[in-house]
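To start, the structure under review is shown below, and the notes come after it.
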Amino acid sequence: MIHLKRLLSGAKQSLSISPAKYGCLLVALVILIILAQPGSLMAQDTGKTDQWQFMIEPYIWLPAIGGETTNGSDFSLSLDDVVSDLQFGLMGIVGVKKGKWSFMVDTFYADIEVTKDGIVQTDVEVKTWIVTPVVGYNLVDCKKGKLDIVAGARYVNVEIDVSVTSDRARALNPEFSGSEGIWDGIVGLKGEIALYEQLYMPLYLDIGTGGSDFSWQVAGGLGYRFGACDVIAGYRYLSVDFKDSSPVKDINLSGPYIGLKFIF
């Protein structure tokens, strides 16, 4: 559904606390919980960490997508739209670890095309690439949890096409077609809290800038270690504020994810 930016500006300005603050507070709480555990800074099991470890994690992330274009219109695709109108998707993480150092690449691609029928027919297509290579360094590894600091880059490419069939609707919500691709440098934290035996809570937070004015991402959920793999499910949010020169002003993706993590 297409909305004029001015119809929502008052509601947006009324939000005094941004979701980013909640994400930062959540990860800060994780750090305090891990560091508060007795022996949290003790040496790791060198028999494991000195060996090369490889990780593959295919996952499915079904985010609602929303944002603004520089022509004054908002665009939004609901979770139902994504589930029913996903044309193609490619999602997964690959990584390697040795000692305290790790490297991973998270790749996400989704092509979603939605047609809304009614008095006015609206067609919206959003194609999104998100590629995030990061290097990690382990700060804490104990029975109660793990904490890594990560740094790297994030590539975001967004293509948006919006069209309407009514001449009157076009006058209010002009047709739009545009794309933007940027690279941001990012830093963040990646952690786990052990909950009960094989059950744990994975958490992630990063912030970035460079090609964009500001971007940030937060994710959290629950994981369970089986013999062959880990099953992980949770919620993930990504927000990008583009430069003023971009045809896309901002975009955010938020929704549930589920994945399988294999370590060998």
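The values are calculated or read from the model by the stated rules, or taken from the named source; none is laboratory data. Computed from a predicted model, the values in this text were never measured in an experiment. Here the Cβ is made from the backbone with ideal geometry for all residues, glycine too, and neighbour counts use every protein chain on show.
A few remarks follow.
- The condition of being at pLDDT 95 or above and either polar (S, T, N, Q) or touching a His at 6+ places or on another chain (Cβ under 7 Å) (or both) does not hold for residue 84.
- Look at the stretch 131-144: where a residue is free of Cβ contacts under 8 Å to residues at least 60 places away in the same chain and closer than 10 Å to residue 101 by Cα and a partner is surrounded by 19 or more Cβ atoms within 10 Å (Cβ to Cβ) and of a type in the set (Gly, Ala, Ser), sitting 6+ places away or on another chain with Cβ atoms under 6 Å, you get 135/152; 136/102.
- Of all residue pairs spaced 6 or more apart or on separate chains, those with beta-carbon atoms under 8 Å, a first member in the stretch 240-261 that is without any contact (Cβ under 8 Å) to a residue 60 or more places away in the chain and a second member that is in a strand (DSSP E or B) and among the charged types (D, E, K, R) are 241/249; 241/250.
- Scanning the stretch 68-79 finds no residues that are out of contact with any Pro (no Cβ under 7 Å at 6 or more places or on another chain), modelled with pLDDT of 80 or more, crowded, with 16+ Cβ neighbours inside 10 Å and closer than 30 Å to residue 262 by Cα.
- Test: residue in the stretch 242-251 that is modelled with pLDDT of 95 or more and either hydroxyl-bearing (Ser, Thr, Tyr) or buried (at least 18 other Cβ atoms within 10 Å of the Cβ) (or both): no
- Positions within the stretch 203-218 being crowded, with 20+ Cβ neighbours inside 10 Å and either over 23 Å from residue 160 (Cα atoms) or without any contact (Cβ under 8 Å) to a residue 12 or more places away in the chain (or both), in sequence order: 203, 204, 205, 206, 218
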